[in-house]
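Every read-out reported here was derived from the displayed coordinates using simple, explicitly stated rules and does not represent laboratory data. Everything quoted here is computed from the prediction, not taken from an experiment. Every residue, glycine as well, gets a Cβ built from its backbone with ideal geometry; the counts of neighbours run over all protein chains shown.
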């Protein structure tokens with residue numbers, strides 16, 4: 001198992017290296033962040049001074065290896081605005097982001113798998129059409145707009161739940177529901193297609209022919225075989241959620257990484273932005289690695305191919 | 001099945017009609033009998049829409065500067081569609097070219113492109129977009145470039161796989177044996193076979209691009225005044241939503257409706273091109 005995992009691990013490292021290189025090339029080599037930071041009013045002398053201060057006057061190759069070396073050492077640099085390490089800033093927001101992402105993914109998985117399973121069991125019937133429509137709608141609504149509308153109706157209009165910021169559990173409900181719509185929709189569609197495919201397999205028919213009831217066939221034969229693509233997707237969505245909740249956190253003033261990102265943009269804190277991109281990529285690749293391992297546990301056939 | 005037969009199946013046709021109407025509105029927006037989308041009338045601020053104590057003068061009401069919501073929505077259609085279409089075109093051409101080349105050629109080219117695709121997909125969209133725009137500044141060109149950049153890998157990944165399996169089919173080695181130049185095999189025989197896939201991804205990506213543009217504009221990183229896009233309208237209207245729900249409700253509905261239509265069309269096309277059950281993904 002460990003040995004079969006090594007190539008996968010090496011692949012993840014290469015992917016990560018390429019990803020941070022792309023991030024570096026796009027964010028640093030493509031333009032001058034200092035000009036964006038200081039605005040049009042800055043004199044050439046001021047610009048030169050800040051460039052020298054940040055080490056941006058050195059050759060790009062030197063900057064690149066410096067950047068890579070820092071990442072390898074786990075040093076994400078120092079924030080331009082807060083003058084503390086970017087890693088500390090990210091760590092301070094991690095718990096809030098994790099809480100929101102976990103709540104959203106739980107809602108998304110429960111609702112999505114339920115919808116998808118119902119749709120697959122009643123393929124072509126009204127239940128199926130309703131489930132598929134709901135999933136499509138979930139993929140089409142901009143989450144931040146849904147969040148605003150939920151605030152208007154549920155928090156401001158009905159006064160049922162608080163509108164923003166973290167606090168008690170009730171603060172978590174609206175942002176978690178908002179953030180769960182996209183994963184819910186994708187998981188529902190994937191579950192549906194995965195189960196309908198498995199339902200057509202000959203072993204399902206033979207299990208039925210042997211007189212097993214629907215519940216037993218679904219639980220023993222279908223669920224296990226249909227789970228792999230769904231687990232993979234859940235992993236992907238979790239990675240996206242951890243870093244991609246920017247707009248939803250912004251709407252609900254949720255004190256997580258997303259809000260840290262929008263603040264970093266507002267203050268033109270470009271070292272922090274870069275740290276956040278690197279952190280997002282690392283998280284994503286790590287989550288996918290974990291997903292691969294989980295899949296190989298669920299389905300022994302995969303182990304050989306890892 | 002061909003694109004023409006997709007158009008003949010009823011659900012797909014309905015969505016094409018709806019989209020055509022939207023495109024026509026976007027094109028003829030300047031000659032429509034609507035007020036200037038940036039014309040301010042402070043005495044008519046926050047006029048509610050018709051049916052909610054509003055008048056027919058402003059059918060969908062007005063915003064915090066008294067600008068006509070309907071006129072702004074129509075004006076926003078132009079930019080929203082233009083940005084999405086350009087981004088899809090750029091990403092589609094680049095992504096499809098790289099994907100087909102990687103799948104057809106194999107070898108080191110495939111290895112490099114395959115890894116690039118993986119790496120690109122590992123970078124979180126919003127964060128990457130923010131990082132680029134923070135350095136480059138805001139402009140329409142940057143916005144389209146950023147959207148295309150986060151989108152090309154989706155074409156690359158699927159077309160690479162599709163071309164690979166196509167290459168295993170017997171007709172490709174035969175064409176090669178008959179002395180047909182490689183570029184001709186690719187343009188005449190590979191591309192038509194993967195064309196359906198390109199079209200389906202492109203359609204679904206239109207929705208993704210519209211959502212991406214609206215997110216970035218909402219965060220103040222995309223379209224800015226005096227330009228109008230639906231996402232930018234949402235960003236401006238957010239502060240006033242306690243007094244006037246319509247300022248945020250209508251642009252959001254417009255985005256949802258358009259993206260939903262595009263996604264429905266994409267699904268209908270996927271069903272037509274892919275007879276297997278995977279269609280619904």
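Quick look at the values:
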quantity	calculated
Ranked list, fewest to most other Cβ atoms within 10 Å of each Cβ, for B:13, B:67	B:13, B:67
Stretch gain in nm, segment residue A:205-residue A:25, where the contour uses 0.36 nm per residue and the Cα spacing is subtracted	59.4 nm
Mean Cα-pair separation over length for chain B, i.e. relative contact order, pairs under 8 Å, 6 or more apart, %	23 percent
Most fluctuating residue given options A:278, A:153, A:222, as computed from a GNM of chain A linking Cα atoms under 10 Å	A:153
Average projection area in nm² (convex hull over Cα atoms of segment B:1-132, one quarter of hull surface)	13.2 nm²
Rounded to 10°, Cα long-axis angle of helix B:125-136 versus longest principal axis of chain B	70 degrees
Cβ neighbours within 10 Å from other chains - mean over B:66-74	0
Cα centroid of segment B:41-109 to Cα centroid of segment B:148-202, whole Å	32 Å
Top of B:37, B:226, B:192 by mean-square fluctuation, Gaussian network on chain B, Cα under 10 Å	B:226
Percent of alpha-carbon pairs separated by more than 22 Å within segment A:86-303	57 percent
Mean-position separation - Cα centroids, segment B:215-232 and segment A:61-130, in angstrom	25 Å
Whole-angstrom Cα spans of the protein assembly as shown along principal axes, big to small	74, 62, 59
D_trans [Stokes-Einstein, Kirkwood Rh over alpha-carbon pairs] for segment A:29-182, 37 °C, 0.692 mPa s, µm² s⁻¹	163 µm²/s
Highest-MSF residue in chain A out of A:92, A:170, A:206 [GNM, Cα springs under 10 Å]	A:206
Between 0 and 90°, nearest 10: helix A:126-140 axis offset from chain A longest Cα axis	0 degrees
Peptide A:184-194, shielding by other chains (average Cβ, 10 Å cutoff)	2
Per-pair calculated FRET efficiency, R0 = 41 Å: residue A:57 and residue A:159 via Cβ, rounded to 0.05	0.15
Per-residue [θ]222 nm for chain A (sum of -39500 (n - 2.57) over DSSP H runs n ≥ 4, rounded to 500)	-24000 deg cm²/dmol
Backbone N under 20 Å from the residue A:46 label point (7 Å along Cα→Cβ), restricted to segment B:137-153	B:137-138
Cβ neighbours within 10 Å from other chains - mean over B:131-144	5
C-alpha long axis of helix A:270-298 to longest principal axis of chain A, angle in °	20 degrees
Distance-filtered residues of segment B:132-174 - backbone nitrogen under 18 Å, label point 7 angstrom along residue A:232 Cα→Cβ	B:153-166
Separation of the residue A:216 and residue B:108 label points, Cα + 7 Å toward Cβ, nm	5.9 nm
